[in-house]
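Readers should treat all values here as calculations from the given coordinates under stated rules, not as data from a laboratory. Please read these numbers as outputs of a predicted model, since none were measured by experiment. A quick note on method: Cβ atoms are made from the backbone with ideal geometry, for glycine too, and the neighbour counts reach across all protein chains shown.
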Amino acid sequence: MARRARRTLSLTPLIDVIFLLLLFFMLTTSFAPELELPLAPAGLGAAEAARPAFLDLGPAALVLNGASLSPDDLPSALAGEGAVVVRVAPGVTAQRLIDVLGPLARVPGLAVQVLG
């Protein structure tokens, strides 16, 4: 009885399919728009004559100059301020910080400094 030669499995078509899938998902993925947050360097804060507002950011609490408030109330509470210093407590996630810095970026003329 004659033995048949065993055929080797070619991986080239599989690699081609994986490459095409990777290319497809890279081209069709939409990323979130980047949010540009202008932050003042820490050295510039001492030159200002006005005293900045202090915003304490905790994992669950947000306190502006000793008064608790929500992130949605920040633009109206800081409308007359020239500068705000954000003190970040331990345990605050980066997403929580961005959620607070987003409304601060919409306040015209407000210089934001972040202390970690």
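Have a look at 31, 54, 19 and tell me which one the Gaussian network model of the chain (Cα, springs below 10 Å) gives the largest fluctuation.
19
Mind checking the dipole of the chain: about its Cα centre, +1 per Lys or Arg Cβ, -1 per Asp or Glu Cβ, Debye to the nearest 20?
About 1160 debye.
Just for the Cα atoms in the stretch 62-115, what are the lengths along the principal axes, largest first, rounded to whole Å?
30, 20, 18
Please name which of 76, 63, 24 has its Cα lying farthest along the dipole of the chain towards the positive end, using unit charges on Cβ (Lys, Arg +1; Asp, Glu -1) and the Cα centre as origin.
Selected residue: 24.
Give the angle, between 0 and 90 degrees and rounded to the nearest 10, that separates the Cα long axis of helix 12-28 from the longest principal axis of the Cα atoms of the chain.
Roughly 20 degrees, rounded to the nearest 10.
Between 0 and 90 degrees, rounded to the nearest ten: what's the tilt of helix 94-105 against the longest Cα principal axis of the chain?
So the helix axis and the longest Cα principal axis differ by about 50 degrees.
Please report the antiparallel percentage of the DSSP beta bridges confined to the chain, to the nearest 5.
Antiparallel bridges: around 35 percent, rounded to the nearest 5.
Tell me, rounded to the nearest percent, the portion of alpha carbon pairs in the chain spaced more than 26 Å apart.
44
Please give the Cα centre distance for the stretch 50-65 versus the stretch 86-116, rounded to the nearest Å.
The distance from the Cα centre of the stretch 50-65 to that of the stretch 86-116 comes to 9 Å.
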